[in-house]
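The block underneath contains the structure these notes are about, expressed in structure tokens.
Every number in this text was worked out from the coordinates using simple rules, so none of it is lab data. Just so it is clear, the structure is predicted and the values come from calculations on it, not from any experiment. Cβ placement follows ideal geometry from the backbone for every residue including glycine, while neighbour counts extend to all protein chains displayed.
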Amino acid sequence: MSRRDDLAEREGSWTGREFEVAVGPVAHGGHCVARHEGRVVFVRHALPGEQVVVRVTEDRHERFCRADAVEVLAASPERVDRPCPYSGPGRCGGCDWQHASVPEQHRLKAAVVTEQLSRLAGLQVDVVVEELPGGPLRWRSRARFAVDRAGRPGLRPHRSRDVLVLDDCPITVEPAVAAVLGRSWSGAGAVDVAVDSTGAVATTRLDRRGRPLSTRMARAGDAYPPAAAAALSPSETQALGRARRQAGGRDWEVQGTGFWQVHPDAADALVEAVRGYAGVRPGEVVLDLYAGAGLFGGALAPETGPGGRVVCVESDAGACAAASDNLGDLRHAEVWQGDVDAEGLNGLLAELGTPDVVVLDPPRAGAGPDVSAVLAGSGARAVVYVACDPASLARDVAVFLAGGYRLAGLRAFDAFPMTAHVECVALLERTTPALPG
Ligand SMILES: C[S@@+](CC[C@H](N)C(=O)[O-])C[C@H]1O[C@@H](n2cnc3c(N)ncnc32)[C@H](O)[C@@H]1O
């Protein structure tokens, strides 16, 4: 049997079966591990140490199946009432840990990071997950909602293409909820929404393949949908096309629903962590890879001073345009549009020489072994790796370890409360002298 995820249900499938299990440790992906009749059962809606009845939801692999805890026979002391009425077995798939106390959520995330670094990089690391201000609800300032065939917005149940129609999403900030939920998005497949630091709301309609159709912006306090948009002057419309953000002591502009940290306090926390780990000195050369609107490059450029150089690399044209504007006052900072891949990086390094510090903040899949190997061979004294997936991070850390680096620091932030996601910042320091040339 192949290991593809789109396998059909197995012959003799357990799907729909119910049985009792003792819930074991948490695993990457928002579930815990249990065993039944010699097979692994990945259980959602449970906590380590609990005794539960599970119902199997998916059985496509020989060695494991997936299940929801549908009855709790012996609860963990860390179990709490879910604050969201839409979460629970078979319901909204957006959150993983609504049923866990906040300290337990942090312990679960820390355990996952520790386990991934141990399994994939052979490291033993004690991890503490740091809390961001604001509590576990109403933090999501950017979200994508699915839209059903009738034009009604909602979220998808776990591993499902269905749409659960919602009136509210308690982890999403209220202006975003008000702009999207309970409205008709007829003809769209999904809608992206972002609320910036001024309270302005941007919505982008997407087609059923996820391609953007149109964006609308409304200033804080404007009625939504922005009926007044047609009356705006061209310069007002252009100004509204960008969302304003503040982080690291600077003001930023990004495309309306373009990439920015989802939690309103995450960008600040990450800048502080990256700055601390990078320890940039005047005159140094810094590479900011997967730079988005230039957040880390812009935060580090004042530290290199005009005698140094900061090169931001980003593939998205809109993000590059925003980064060029954001870094316009920093003459020693440049924005290069292009894909970060092994070939492109080798070309960039040939032109740039040895960077002193590399910051990279790739999407969930991580930089990958090829890009990591090029960076490990770059001679940089420090690599600061910002990662939203601990498995991708751990896989790439292993490449840096093999290339003469050591993991000199790791911070983890609860930038996605109620979900299994965690944001890490890792410091990799060179232990062997850089090769000449
Ligand atoms: C996690 S975001 C980080 C953005 C920025 N560092 C920040 O914190 O705001 C990842 C960024 O990488 C960009 N990206 C994705 N794949 C890329 C690639 N192969 N090469 C360059 N940029 C890429 C995306 O467009 C996105 O802006």
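Simple point charges give the picture: +1 on the Cβ of Lys and Arg, -1 on the Cβ of Asp and Glu, and for the chain a dipole about the Cα centre of about 740 debye.
The stretch between Ser118 and Glu130, if pulled fully straight at 0.36 nm per residue, gains 2.3 nm over its current Cα-Cα span. The stretch between Thr431 and Ala75, if pulled fully straight at 0.36 nm per residue, gains 123.5 nm over its current Cα-Cα span. Please give the FRET efficiency for Arg39 paired with Thr354, using the beta carbon to beta carbon distance and R0 = 60 Å, rounded to the nearest 0.05. Working from the Cβ atoms, E equals 0.75.
Remark: relative contact order (the chain) = 12 percent; criterion is Cα-Cα distance under 8 angstrom and separation of 6 or more residues. Ranking Val56, Leu120, Gly283 by how far each Cα lies toward the positive end of the dipole of the chain (charges on Cβ) leaves Val56 at the top. When you count the other C-beta atoms within 10 angstrom of each residue and take the mean per peptide, 80-90, 172-182 line up highest first as 172-182, 80-90.
Per residue of the chain, the DSSP helices (runs of n ≥ 4 H) give a summed -39500 (n - 2.57) that works out to -7000 deg cm²/dmol at 222 nm. With a cut-off of 9 Å between beta carbons, the residues surrounding Tyr290 carry a summed charge of -3, where Lys and Arg count +1 and Asp and Glu -1.
Ellipsoid fit via the Cα gyration tensor, the chain: semi-axes of 37, 31, 19 Å, each the root of five times an eigenvalue, largest first.
Reported value for region 53-186: 158 Å³ per residue, from the convex hull of its C-alpha atoms.
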